[in-house]
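The values are calculated or read from the model by the stated rules, or taken from the named source; none is laboratory data. Just so we're clear, the structure is a prediction, and the values are computed from it rather than from any experiment. Ideal geometry is used to build each Cβ from the backbone, glycine not excepted, and the neighbour counts take in all protein chains shown. These accessible areas exclude ligands, DNA and RNA; they are computed on the full protein's heavy atoms, side chains included. Shrake-Rupley method; radii C 1.70, N 1.55, O 1.52, S 1.80 Å.
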Amino acid sequence: MTQKNPLAPGQTGTTTPGRTGAGGVSVSGAADISAFLKTAAAVGPPKVPGERGRLVFALDATASREPTWGMAQEIQGQMFTEAARVGTLDIQLVFFRGIGECRSSGWVADAARLKALMAKVSCIGGQTQIGRVLAHAAEEAAERRIHAVVYVGDAMEESLDDLCAKAGRLAMANVPVFLFLEGGDPVAERAYREIARLTRGAFARFDPGAGAQLAELLRAVAAFASGGRLALADAAKGSRGAQLLLGQMR
C-alpha cells in the first residue's frame, strides 16, 4: 500500500506495511422503523443514476485490534457482494497504528485487491487517531462525493470536542459515519454515538471476535453506500443488523 496524502499536516507514517439488542446494537421500536421506511420510500434514491458508491473503510490497527483486523480481512469481501446486488462500490482503506502513523489506500473496486492491501498491514501498538480519519474523509468528500464512512475500533483516546468538530465537517457534506465498537468501553461508546448522531449515521457494538455480527453490519452499510437509503431499507427486510442501523438514521 502506498501512502496517500498525510492525514495531518507535518505528520507522515513509516514505510512499514434505550435497550440493546443482539451484539449491543441500539434497538429502535418497530413503529419507528416502519415510519422511516415510508419516509425513505417517499424521498427516493439520493444518488445519480449510474453513480458508483464510495465508502471509506477505516480501521484501528493498534495492537489490541489484531484479532479484529484478521476477521475484517475475511469478511470485507461480503461488502462488495452485497453492494453488487444494488449497484457498484469503491472502497478506500484507511488505518492508523503506532506513533502517528495514519495511511490511506487508493480507491479499490474489487474484494481481492482490498484483501491484498489489508494483508500487507500488521497491527502496532499506539493510541487512537480517529480525528485524523474524520479529517481525511472530509478532505476526500470535498474533492468528490463519499456516500458513507465505516469505522471499526475498540477505544477512544482523544478529545471528544475535537472529534465532534471534525464530524461536523462530514455532516455538512452529508456523509454519514457508521461506527462499530468491539467490546463495551463506555468512553468509546459515548464518542462513537455522538459522531453517529452528528453525521446522521449509526452506532453498533459487537462482541469480541464476533465475525458474523460485524459481517452483517458491514453488509448493511455497503448496501446503503451503493444504493442509498432505499437499498438499506430493502436489506432491512431480511437483516436484523440492517434494521437496527436503519432505525437510528434520521
Subject >> Listed peptides 109-115, 94-100, 130-136, 234-240 by packing density, highest first (mean Cβ within 10 Å) >> reply: 130-136, 94-100, 234-240, 109-115
Original post:
Averaged per residue, what accessible area in Å² does the stretch 75-200 show with a 1.4 Å probe, protein chains only?
Top reply: 39 Å²
Original post:
So how far apart, in nm, are the two label points at TRP107 and ARG200 if each is 7 Å from Cα heading toward Cβ?
Top reply: 2.2 nm
Original post:
Ranked from highest to lowest mean number of other Cβ atoms within 10 Å per residue, what is the order of the peptides 147-158, 218-229?
Top reply: 218-229, 147-158
**OP:** Specify the inter-centroid distance of the stretch 124-167 and the stretch 178-200, based on alpha-carbon positions, in whole Å.
**Re:** 12 Å
Original post:
Across the stretch 131-145, in residue order, what do the Karplus-derived ³J(HN,Hα) couplings come to in whole Hz, using 6.51 cos²θ - 1.76 cosθ + 1.60 with θ = phi - 60° and x for Gly and Pro?
Top reply: x, 5, 4, 5, 5, 4, 4, 5, 5, 5, 5, 5, 7, 7, 4
**OP:** Would you list which aspartates and glutamates come within 19 Å of LYS115, measuring only between C-alpha atoms, while excluding same-chain residues fewer than 8 positions from it?
**Re:** ASP60, GLU66, GLU74, GLU82, ASP90, GLU216
Subject >> Label-point gap, in nm, between ASP161 and LYS115 - each point 7 angstrom along Cα→Cβ >> reply: 4.6 nm
